[in-house]
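Novice: Submitted below is the structure of interest, expressed as structure tokens.
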Amino acid sequence: MNWLQRPSTTGGLVYLVVVGALMIGLAIVALGPWRTGVSVMGGALAVAFVARAVLPDERAGMLRIRRRLVDLTTLAVCSAGMFALVGAIPSHH
């Protein structure tokens with residue numbers, strides 16, 4: 001199993017954790033409690049934001065897609081958008 005290797009950077013490990021959390025959040029949304037699922041996804045993107053902000057470029061792994069400012073802006077907007085979605089849509093009980 002040569003294709004299954006440990007990530008070579010800290011950012012690569014964080015990336016895998018974030019992708020896993022995003023998949024869990026999506027599964028929660030599919031099962032019904034969408035606010036919880038979207039919150040999990042927003043939290044995962046916030047973790048990616050923090051990791052990209054503190055890790056140097058050579059350790060960022062797959063979290064580094066563009067320049068740091070572009071990556072941070074994208075992650076911040078997506079994370080904030082998820083949390084805004086949860087807060088903006090009224091619940092109907």
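Novice: Could you grab the pairs with beta carbons closer than 6 Å, sequence gap of 6+ or different chains, first residue in segment 13-25 and more than 11 Å from Val47 (Cβ to Cβ), second one of a type outside the set (Val, Ile, Thr) and surrounded by 15 or more Cβ atoms within 10 Å (Cβ to Cβ)?
Specialist: Pairs that qualify, where the first residue is more than 11 Å from Val47 (Cβ to Cβ) and the partner is of a type outside the set (Val, Ile, Thr) and surrounded by 15 or more Cβ atoms within 10 Å (Cβ to Cβ), are Gly25/Gly37; Gly25/Met41.
Novice: Here's a check for you: in segment 63-93, which residue that is buried (at least 16 other Cβ atoms within 10 Å of the Cβ) and at pLDDT below 95 is farthest from Thr10 (Cα to Cα)?
Specialist: Only one residue fits best here, namely Val86.
Novice: Then there's this: Run Val29 past the list (1) in contact with a helix residue (DSSP H, G or I) (Cβ under 8 Å, 6 or more places away or on another chain); (2) touching a residue at least 24 places away in the same chain (Cβ under 8 Å) and report the number of the one that doesn't hold.
Specialist: The failed condition is (2).
Novice: Can you pull out the residues in segment 1-57 that are closer than 30 Å to Pro90 by Cα and either touching a Phe, Trp or Tyr at 6+ places or on another chain (Cβ under 6 Å) or outside any helix (DSSP H, G or I) (or both)?
Specialist: Gly32, Pro33, Gly42 - these are the residues of segment 1-57 that are closer than 30 Å to Pro90 by Cα and either touching a Phe, Trp or Tyr at 6+ places or on another chain (Cβ under 6 Å) or outside any helix (DSSP H, G or I) (or both).
Novice: Report yes if some residue within segment 40-62 is more than 12 Å from the chain's Cα centre (by Cα), more than 17 Å from Leu13 (Cβ to Cβ) and without any contact (Cβ under 8 Å) to a residue 40 or more places away in the chain; otherwise report no.
Specialist: no
Novice: Count, please, the residues in segment 32-62 that happen to be surrounded by fewer than 18 Cβ atoms within 10 Å (Cβ to Cβ) and among the hydroxyl-bearing types (Ser, Thr, Tyr). Outline the logic, then answer.
Specialist: Of segment 32-62, the ones surrounded by fewer than 18 Cβ atoms within 10 Å (Cβ to Cβ) are 32-36, 43, 47, 50, 53-54, 56-59, 62.
If we keep only those that are among the hydroxyl-bearing types (Ser, Thr, Tyr) as well, we get 36.
Residues in segment 32-62 being surrounded by fewer than 18 Cβ atoms within 10 Å (Cβ to Cβ) and among the hydroxyl-bearing types (Ser, Thr, Tyr): 1 in total.
Novice: Quick test of your reading of the structure: Leu69 fulfils all but one of (1) in a helix (DSSP H, G or I); (2) in contact (Cβ under 8 Å) with a residue 12 or more places away in the chain. Name the failing condition by number.
Specialist: Of (1) in a helix (DSSP H, G or I); (2) in contact (Cβ under 8 Å) with a residue 12 or more places away in the chain, only one is false for Leu69: (2).
Novice: For the structure I just gave you, tell me whether Val29 is under 15 Å from Leu75 (Cα atoms) and surrounded by fewer than 18 Cβ atoms within 10 Å (Cβ to Cβ).
Specialist: Numbers: under 15 Å from Leu75 (Cα atoms): no; surrounded by fewer than 18 Cβ atoms within 10 Å (Cβ to Cβ): yes.
It is false that Val29 is under 15 Å from Leu75 (Cα atoms) and surrounded by fewer than 18 Cβ atoms within 10 Å (Cβ to Cβ).
The values are calculated or read from the model by the stated rules, or taken from the named source; none is laboratory data. Computed from a predicted model, the values in this text were never measured in an experiment. With ideal geometry, Cβ positions are generated from the backbone for all residues, glycine too; neighbour counts draw on all protein chains shown.
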